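Engineer: Have a look at the structure that comes next, please.
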Amino acid sequence: MGFQSRYRRKTKKDSSDKNNTTILPFWGFSYNKDHSYSHGTVYTTDSMGRPKELHGLDANYYEEFVRTTESPSKELESQFSQLLFKKYKDIWDTPYIYPSIESYYKSTLSSKVGNFFLIGALISAIPAIYFLFKVMVGPFWITALICLVCLGIGGFVSEKEVEKKYAEKPFLHLETAEKEKLWDDYLRTMTSAYGDEMGKILQEAAIKKKGKY
């Protein structure tokens, strides 16, 4: 039977993206977050905890995974999904596996400059936590701001540098020995996350997606 074509659930307005979560991207699904509005009465509570009615528009936020590319193998997908739902009751709680060897390879690339800022964010977070517990508002906000700035710069620089490195040396341009090692590591993540039986199905599906390389 395989997976449904869409998995949707309600979420909060400020929820973080879950694009790099669940097994679904491996099987051809893409993540999307959106909202809709409905008319009617919304029930809430006032500051005293008493029921309160609000009339008008109610915003409904949701996130979903939608199949956007064809499954590498309907037969393997059916076998895998049957085993998956015996072990995991909720598709949203399944371990993530990179959808392709290229995306896995990109995850192994890093940025020295970006890492420098990320380490700076971690170091500045330590005094920020200390000042928070000591209720030292001024020093807390200064160190917290430094932490956030370093985090933002580090994330931005890392993303740009990784994209540059990948463009300069994509997976297909690697030496055969490098490709072999990456493939072994990539396939090993599948059995590590899902065990031998399900992991081997994922390995077969990964090879069907790409050939070997």
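Conditions (1) at pLDDT 75 or above; (2) surrounded by fewer than 18 Cβ atoms within 10 Å (Cβ to Cβ); (3) not in a loop (DSSP other than H, G, I, E, B), marked per residue:
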{"site": "Ile97", "(1), (2), (3)": "yes, no, no"}
{"site": "Ser124", "(1), (2), (3)": "no, no, yes"}
{"site": "Cys147", "(1), (2), (3)": "yes, no, yes"}
{"site": "Glu178", "(1), (2), (3)": "yes, yes, yes"}
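Engineer: Working only within region 57-92, note down all residues that are open to solvent by 30 Å² or more (accessible area, probe 1.4 Å), in a helix (DSSP H, G or I) and more than 15 Å from Phe29 (Cβ to Cβ).
Structural biologist: Result: Glu75, Gln79, Gln82, Leu83, Phe85, Lys86, Lys87.
Engineer: Identify the residue in region 26-46 that is outside any strand (DSSP E or B) and modelled with pLDDT of 80 or more and, among all such residues, is surrounded by the fewest Cβ atoms within 10 Å (Cβ to Cβ).
Structural biologist: The qualifying residue surrounded by the fewest Cβ atoms within 10 Å (Cβ to Cβ) is Gly28.
Engineer: Exactly one of (1) part of a helix (DSSP H, G or I); (2) at pLDDT below 90; (3) not charged (D, E, K, R) is unmet by Ser103. Its number?
Structural biologist: All conditions pass for Ser103, except number (2).
Engineer: Tell me whether region 162-169 contains one or more residues that are aromatic (Phe, Trp, Tyr) and within 30 Å of Gly199 (Cβ to Cβ).
Structural biologist: Yes, there is a match, as at least one residue in region 162-169 is aromatic (Phe, Trp, Tyr) and within 30 Å of Gly199 (Cβ to Cβ).
Engineer: If you scan region 1-22, which residues turn out to be under 10 Å from the mean Cα position of the chain (by Cα) and either surrounded by 14 or more Cβ atoms within 10 Å (Cβ to Cβ) or outside any loop (DSSP other than H, G, I, E, B) (or both)?
Structural biologist: Lys18, Asn19, Thr21, Thr22
Engineer: For the structure I just gave you, tell me whether Glu64 is at pLDDT below 80 and in contact with a strand residue (DSSP E or B) (Cβ under 7 Å, 6 or more places away or on another chain).
Structural biologist: The answer is no for Glu64.
The values are calculated or read from the model by the stated rules, or taken from the named source; none is laboratory data. Computed from a predicted structure; not experimentally measured. Note: ideal-geometry Cβ built from the backbone for every residue, glycine included; neighbour counts use all protein chains shown. Side chains included, ligands, DNA and RNA excluded: accessible areas come from the protein's heavy atoms. Shrake-Rupley method; radii C 1.70, N 1.55, O 1.52, S 1.80 Å.
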